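A.B. asks: Before I ask anything, here is the structure I am working with.
Nothing in this text is a laboratory measurement; each read-out follows from the coordinates by a stated rule. Since the structure is predicted, the reported quantities are computational estimates derived from the model, not experimental observations. Don't worry about glycine lacking a Cβ; one is built from the backbone with ideal geometry, like all the others, and counts go over all protein chains shown.
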Amino acid sequence: MANTILVGAQWGDEGKGKIIDFLTDHAQIVVRSQGGNNAGHTVIVGGTKYVLHLIPSGILRPGTLCVIGNGVVLDPVAVAGEIEGLRSKGIAVTPENLMISDAAHLVLPYHRQLDEARELAKGSGKIGTTKRGIGPAYGDKIARVGLRMADLMHPDVFAEKLAARVAENNAVLAGYGLPALDAAAMLKDLLAAAEALRPFVANTVVYLHKAVSEKKEILFEGAQGTFLDIDHGTYPYVTSSNTTAGGACTGSGVPPNRIDRVLGVIKAYTTRVGEGPFPTEDGPLSDMLHGMGREYGSTTGRARRCGWFDAVAVRYAGMINGIDDLAVTNLDGLDSLDSIKVCTHYRLNGALLETPPMDYTQLAACEPVYTELPGWKTPTETIRRWEELPANARDYLTKITEWSGAKLKIASVGPNREQTILL
């Protein structure tokens, strides 16, 4: 498999957790390089459902080492709780299979308070964040006032720095009419989490460079999706990190010339959570998928907005990420349809577009240009071989990946590990 970056090529929720779990059968190390616990990967193994927020999906594979890289922002209390939750389900989590970067920035209670207050203040113009404090934590990082895991490992130094940050943020929270936070109570909880996490904390850059030199196979696990990227997404309706392939390098310390391939993950249709433009959004398709119990967020439980497959968006994602191969998930969600629409171009003010405009108001004004393909009207969830898929399903997968400009590598027909077709 070599060193592979796995990215979402849509708006997130593409089923990356399941594909990562499938690929880690061959990977020795899985690295999470950006985002926070606003992301969620759902993996079903042996009938047991695991919802992972910060710990890489490789934790479910014995013998695989998981790394939380320097580009991640993490809530120490939440991570400690996630570790205990996995242990309660019989999953071993030890310093032998989990490492946390000492350079990773912390998400603290005042970040969550600010996130929620800012969203409420925006009213109808809200971004649609998960209110987990991710944006404010990255804001502190860029402003060079953030606290990191290395700080948390030194209680006396951390206490002094935390007190200063709480005093400053309490003044900001007062402007929103919110009560002051108690620095002493916060410190007590954080230091308890610090002791639980201390055995896992290390300089992960040094470890990963050693692993590269030893020719170990590394999988870089993306969170969110291309169009939530802070630079390349539908700004301002984006997350606060680089969700694209380049972010895997800066967020892990592994340079680009050590990466062998990029695998993009897409759904057989399109979904989006939160606010922002969504050209192929379709109400009846959303109703159908929600009626099947599909498309509810693993982190928030929010119903996702659903639409037809958007080849314009995925084509552009291929350019940004350098996608070599595609994994298509949720094919079985379309099993009952007579016909299926695919957006091949946008129309804006009479002009035909092959790539999306960067201005979100223009993207919102784009009309999708559809090609309609026949459905297959046959359940696919028990199929395990490409040749056994209905002809129309094979044709659909072939066309959407060709229109997207990359090769089809994996087709998924359900959430379980074994419901995967490898080409």
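A.B. asks: Once phi is turned into θ = phi - 60°, what whole-Hz ³J(HN,Hα) does the Karplus curve with 6.51, -1.76 and 1.60 give for every residue of the stretch 411-423, x standing for Gly and Pro?
C.D. replies: 10, 10, 10, x, x, 6, 3, 7, 8, 9, 10, 9, 8
A.B. asks: How high is the FRET efficiency from Ala121 to Arg302, r the C-beta distance, R0 22 Å, rounded to 0.05?
C.D. replies: 0.60
A.B. asks: Among 110-116, 75-81, 265-271, how do they line up from the highest to the lowest mean number of other beta-carbon atoms within 10 Å?
C.D. replies: Highest-to-lowest ranking by the protection proxy: 265-271, 110-116, 75-81.
A.B. asks: Next up: Given H placed on each backbone N at 1.01 Å, which residues far from Glu275 in sequence or on other chains put an amide H within less than 5 Å of it?
C.D. replies: For Glu275, the qualifying residues are Gly128.
A.B. asks: Where does helix 134-143 land angle-wise versus the long Cα axis of the chain, in degrees 0 to 90, nearest 10?
C.D. replies: 60 degrees
A.B. asks: To the nearest 20 Debye, how big is the dipole of the chain about its Cα centre, given +1 on the beta carbon of each Lys and Arg and -1 on that of each Asp and Glu?
C.D. replies: On the way: 42 positive and 47 negative charges, 71 e Å.
So the dipole magnitude of the chain works out to roughly 340 debye.
A.B. asks: Separate question: Restricting things to alpha carbons, tell me how big the stretch 105-197 is in terms of Rg and Dmax, in Å.
C.D. replies: Looking at the stretch 105-197, its Cα Rg and Dmax stand at 13.5, 43 Å.
A.B. asks: Output needed for the stretch 61-153: three equivalent-ellipsoid semi-axes, defined as square roots of 5 times the C-alpha gyration tensor eigenvalues, in descending order, whole Å.
C.D. replies: 29, 17, 10
A.B. asks: Could you give P(r) for the chain, binned at 10 Å from zero, as whole percent values over all Cα-Cα pairs?
C.D. replies: 5, 22, 32, 25, 13, 3, 0
A.B. asks: If you line up the Cα atoms of the stretch 266-422 on their principal axes, what length do they span on each, largest first, in Å?
C.D. replies: 44, 32, 29
A.B. asks: Taking the Cα centroid of the stretch 135-171 and of the stretch 395-414, what is the distance between the two, rounded to the nearest whole Å?
C.D. replies: 45 Å
A.B. asks: Any idea how many Lys pairs in the stretch 105-197 come in under 19 angstrom at the alpha carbon, given 8 or more places apart or on separate chains?
C.D. replies: 4
A.B. asks: List the trypsin sites (Lys or Arg not before Pro) within the stretch 177-221 that DSSP assigns to loop and that have no more than 10 neighbouring Cβ atoms inside 10 Å.
C.D. replies: Lys215
A.B. asks: Give a residue-ordered list of calculated ³J(HN,Hα) values for the stretch 259-264 (Karplus: 6.51 cos²θ - 1.76 cosθ + 1.60, θ = phi - 60°; whole Hz; x for Gly, Pro).
C.D. replies: Calculated HN-Hα couplings, in order: 9, 9, 7, 10, 10, x Hz.
A.B. asks: Output ³J(HN,Hα) for the stretch 388-404: one whole-Hz value per residue in order, computed from phi by the Karplus curve 6.51 cos²θ - 1.76 cosθ + 1.60 with θ = phi - 60°, and x for Gly and Pro.
C.D. replies: 8, 5, x, 4, 5, 5, 4, 5, 4, 4, 4, 5, 5, 6, 4, 5, 8
A.B. asks: Just need log10 I(q)/I(0) for the stretch 1-113 at q = 0.13, 0.14, 0.19 Å⁻¹, Debye formula, equal scatterers on the alpha-carbon atoms, no solvent, rounded to two decimals.
C.D. replies: Once normalised to I(0) and log-transformed, intensities are -0.47, -0.55, -1.04.
A.B. asks: I'd like to compare 392-401, 346-355: which one has the highest average count of other Cβ atoms within 10 Å, and what's the full order after that? Could the numbers behind the result be given before it?
C.D. replies: On the way: 392-401: 18.7, 346-355: 12.7.
Sorting 392-401, 346-355 by mean packing, highest first, produces 392-401, 346-355.
A.B. asks: Just to be sure I understand the model, the point goes 7 Å from the Cα along the line to the Cβ. What's the resulting Val172 to Arg258 distance in nm?
C.D. replies: Spacing of the two 7 Å Cα→Cβ label points: 3.4 nm.
A.B. asks: Pull up the cross-link candidates among the aspartates and glutamates for Lys215, meaning alpha carbon to alpha carbon under 16 Å and not fewer than 8 places away within one chain.
C.D. replies: Cross-link targets: Asp260.
A.B. asks: Fully extended, how many nm does the chain gain between Asn392 and Val212 (0.36 nm per residue separation, minus their Cα-Cα distance)?
C.D. replies: Result: 60.6 nm gained on full extension.
A.B. asks: Would you work out which of Ala150, Leu187, Ala117 lies farthest towards the positive end of the dipole of the stretch 105-197? Charges go on Cβ: Lys and Arg +1, Asp and Glu -1.
C.D. replies: Ala117
A.B. asks: Amide H neighbours of Gly12 under 5 Å, counting only residues 5+ apart in sequence or on other chains, H built in-plane at 1.01 Å?
C.D. replies: Long-range HN contacts for Gly12: Gly225, Thr226, Phe227.
A.B. asks: Something else now. Under a point-charge model restricted to the Cβ atoms of Lys and Arg (+1) and Asp and Glu (-1), what is the dipole moment magnitude of the stretch 208-264 relative to its Cα centre, in debye to the nearest 20?
C.D. replies: 220 debye
A.B. asks: Then there's this: Stretched out fully, how many nm does the piece from Ala103 to Glu354 gain, at 0.36 nm a residue minus the Cα gap?
C.D. replies: 86.4 nm
A.B. asks: For Met292 paired with Asp231, estimate the spin-label separation in nm (one decimal), with each label point 7 Å from Cα along the Cα-to-Cβ line.
C.D. replies: Those two pseudo-labels are separated by 3.6 nm.
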